[in-house]
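Below is one structure, written out as structure tokens; comments come after it.
The values are calculated or read from the model by the stated rules, or taken from the named source; none is laboratory data. Being a predicted model, the structure only gives us computed values, none of them experimental. Here the Cβ positions follow ideal geometry from the backbone for every residue, glycine too, while neighbour counts run over all protein chains shown. These accessible areas exclude ligands, DNA and RNA; they are computed on the full protein's heavy atoms, side chains included. Shrake-Rupley method; radii C 1.70, N 1.55, O 1.52, S 1.80 Å.
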Amino acid sequence: MFPALTRPFSVALRTTLWLVLIAAWQTVVAAPQPSPPEIRIAVLAKRGEDRATSSWQPTADYLNEKLPGYHFTLIPLDFSDIKHAVANSTVDFVITNSGMYLDFDIQYGVNRIATLKNRWRDKVFTKFGGVIFRRADRPDIASLGDLKGKTFIGVDESSLGGWQAAWGAMTDAGVNPYQDFKRLTFGGTHDAVVHAVLDKRADAGTVRSDILERMAAEGEIHLADFVVLNEKADRDKDFPFALSTRLYPEWPIAALKRTSRNLAEEVAIALMAMPESSSAARASSSAGWTIALNYEPINELYLKLHLGPYKDVGEISLKSVVQKYYYLILAAIGLLVFLAVLAVYFYRLNRRLREVQAQLKAELVQRRESEDALRIRSTAIEATAATVFITDRNGVIEYVNPAFCRSTGYSAEEAVGRTPAMLKSGTHPPELYKAMWETILAGNVWQGEVTNRRKNGETHIDESIIAPVKDEEGQIIRFVAIKYDITARKAAEMQLEHIAHQNRLILNTVAEGICGIDMNGKTTFANNAATQMLGYSQDELIGHPLHALTHHTRADGSAFPKEECPIGDTMRHGNIYHMPDELFWRKDGQPLRVESTSTPIITGSGEIIGAVVSFRDIRLRMEAEEALCRAKEQAEIASQAKSSFLANMSHELRTPLNAIIGYSEIIAEELQGNEQAELVDDLNRIRTAGHHLLSLINDILDLSKIEAGKMELSLHDFDIAEMVGDVAATIRPLAQKNGNTVQVICPPEAGTFFTDHTRVRQVLLNLLSNAAKFTENGTVSLCVTRENTEGLEKLRLEISDSGIGMTPEQVDKLFQDFTQADSSTTRKYGGTGLGLAISRRFCRMMGGDITVTSHPGKGSSFSVILPAAPRASQTIQVSDAAAID
């Protein structure tokens, strides 16, 4: 009965339990999964952060793939930041150079778990070193010993391959880089060091042993530009890089002290299982990782260089002193006890001495006053800009002031105890120093200029004063030296002397006479040209009054008072006087016509201290100007006669020509259809010849007007399209006569233009007529455009043809009066050679021009460019043809 009652209850219980389990499972599934912990890997960015990221991020990605329970993050850091990160335990692993690892191991307890297998092409190696190199163009640096006195650059003081390995090699060669180099700097990255040597910012440098080859493979440098110093000829055959030092184990990856051992083991196993062909290995230029190597060679290097944990090796510590000299310390303690007893004794004795204190007060006051005076003098010596040092009687330095340290580069500690001989530059003979010692040992003050050498090797000039110091008995006990650096002053004096010499050379080479006079009117300087023109020697001029020698009389023979001379007024009032025609007198009494200028000499404060008189002989110029005036007058008379003749002749010729042309046309009309119709052709020839001759007369008259300056422009606004259409209609019959096609390109928005409509039309007709005449069965085109150049409105007219064209030689003669490009064209095509010359003159009168480009057999192109407002006046006066051309 009971089992039957309990069965339904058990079924319900089981159902309830299943429902509870299902609800719990859904809760677990729905709950957010915790993110994997972040593991930070610091890597030394030896060639910059960008390169470090591209090289090592794949390694972090590889660990994320192999150890999915963690999230590895790469942190690229420079030399200082990576040490800070390890010291503060802000990272879990560190990939760094072997030297920094050793320091981290001892200071912060990091533990190497694997060593990098470096790869170069098909070779794998687990060691590296440093390479010391110079530019190929520095043969004066052949060994490590030659680096003394040179500038040197390393990567960082904590870089094993970029500095410490090279430091060890140089130490073995007897070179102390911190003392023997002229300058030692650090570039921060290996690439920066290589480029600093290549750009001549350093004489030599050192980087890790594989940097040069990798930069060359990347195309950044050429290995032929460098020479390796102290190259290891006996290096391992399997080591593919240039090497100047011994080899050290490659970079390790190390776990920090706080990193769990299990995580370190998992990372080490994953790294050592990394395939050589993996993307992570290729990105870091490695073949993966191997077991951690022995880093004892780095211990030896650091011990030799007193680096890292061995920095204080050899120094005395308190503990060692106590252990070694404990018995002396006990004796000292006993001595202190004895001194305490004595102190009690002296305390009692002091009470007895109070009686004499009153007597000593006056002496103490006097002593204080002396001390105050000494303190003032000492402060003055300390603050003075002059170099001061004190020696004993033997010349050993006892004191130097701050100015000495600034001037020489030696600190007070470096100078005290040495002699001033350390400043010798080697430029003075021994006799100088011998005479100096003889003077000061005799008790006298020596003064002179001495060239000394600073600590960095630079030389400078000192103005020195050395005085002996005597005791109460008159015996010399010390010497005080005061030096003033006068290098800049000496250089300025030499520069001024050089400038004065250059000025004398320049003044003596110019053709103009130049004299300097002081405020008394006396000559202080005279160049060669002045002495030659005036006939006086230098001694006869300098020191003598210039006015009395050369300017004493006017051209009419009357006296020229000094008070009225413009040269004197220059010095009185500071004015500049230019006299285009002045009379000077030579030594032989002959007059000298000159053009002269008198200029005051004024100091920076505005004081007038003299004057400079420059003059030139204008006799030949005056004669030439007079001849030119006579020639100009004759030319103007001839030009007027020519213009008058041409104007009269053109008028006289036009009357019969118009009659000939008119009668030939009347007779030709009457003969049309008569039996004598064959005479019409002859009459047409007469009419054509008459028109040609009339055109020639018009051209000659236009040319005459232009040359006489009487051509006028009539400026007004006109419609461009209307003018172009009229010209095209006029020229089409002539073009069609030779089988040519006329093309006109004129945009509707061409608008109006302000210039001489008649002259523009005449120029276009001339150019289009020539184009039609020299083209057969071709194309003659006219293109109109408007331009705006620098705010100036311009009209461009392009006349092109496909005719016979011209050579460059023919183009050069194109715009000459009565000249055609080729004499053969005159015989074939006719023409006078005036049309283009007059057209160019018209264009230039309107402020424009004509240009031409041409190729033989391909045609020519003429460009007419005219401004919108050519002149302010409508009448253009041209003095002669040369002014237009």
I want to check the label-to-label distance for Asp471 and Thr459. Put each point 7 Å from Cα in the C-beta direction and report it in nm to one decimal. 4.0
Phi-based couplings in Hz for the range 510-517 (Karplus 6.51, -1.76, 1.60; Gly and Pro marked x): 6, 7, 6, x, 9, 10, x, 10
Test of understanding: what is the full-extension gain from Asp581 to Lys737, defined as 0.36 nm times their sequence separation minus their Cα-Cα distance? 49.4 nm
Can you pull the percent of the range 404-556's accessible area that's carbon plus sulfur, 1.4 Å probe, other chains left in place? 55
With Ser781 itself left out, Lys, Arg at +1 and Asp, Glu at -1 over residues whose Cβ is under 15 Å from its Cβ give +1
Set the Förster radius R0 to 41 Å, insert the Cβ-Cβ distance between Met494 and Lys148 as r into 1/(1 + (r/R0)^6), and round the FRET efficiency to 0.05. 0.80
Which value in nm describes the separation of the simple spin-label points at Gln816 and Ile609, placed 7 Å from the Cα toward the beta carbon? 6.1
So if we plug the beta-carbon distance of Ala548 and Gln634 into 1/(1 + (r/R0)^6) with R0 = 51 Å, what FRET efficiency do we get, rounded to 0.05? 0.70
Cα-based reach from Lys361 at 13 Å (exclusive), listing aspartates and glutamates while leaving out same-chain residues under 8 positions away: Glu369
Estimated Rh, the range 350-454: Kirkwood, alpha-carbon pairs, angstrom: 16.9
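Starting from the Cα gyration tensor of the range 540-637, take the square roots of the eigenvalues, sort them a ≥ b ≥ c, and report rounded, prolate or oblate (rounded when a/c is under 1.5, otherwise prolate if a/b is larger than b/c, else oblate). Present the calculation step by step, with values, prior to reporting the outcome.
Details: a/c = 2.72, a/b = 1.72, b/c = 1.58.
Prolate shape, in that a/c is at least 1.5 and a/b is the bigger ratio.
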Please list, ordered by chain and number, the residues whose modelled amide H lies under 5 Å from the amide H of Ser286; skip anything fewer than 5 residues away on the same chain. Arg119
Computed over the range 741-824, protein heavy atoms only, probe 1.4 angstrom, the accessible area per residue in square angstrom equals 49
Other-chain or far-sequence residues with amide H under 5 Å of Thr553's (modelled H): Phe560
Rank by packing, highest mean first: peptides 570-581, 802-813, 130-141, 247-258, with packing defined as the count of other Cβ atoms within 10 Å averaged across residues. 247-258, 130-141, 802-813, 570-581
Using 7 Å Cα-to-Cβ label points, what is the Ala216/Leu671 separation (nm, one decimal)? 10.0
If you roll a 1.4 Å probe over the range 116-186 with all protein chains in place, what percent of the accessible area is carbon or sulfur? 44
Counting Lys and Arg as +1 and Asp and Glu as -1, what is the net charge of the other residues whose Cβ lies under 10 Å from the Cβ of Asn111? +2
Whole-Hz Karplus couplings 3J(HN,Hα) for the range 450-463, θ = phi - 60° and coefficients 6.51, -1.76, 1.60, Gly and Pro as x, run 10, 8, 10, 10, 7, 4, 7, x, 6, 9, 8, 9, 10, 8
Residues other than Glu626 with Cβ under 13 Å of its Cβ, Lys/Arg counted +1 and Asp/Glu -1, net out at +1
Rounded to whole Å, give me the distance from the Cα center of the range 561-589 to that of the range 448-505. 47
Excluding ligands, DNA and RNA, what is the solvent-accessible area per residue of the range 140-259 at a probe of 1.4 Å, expressed in Å²? 41
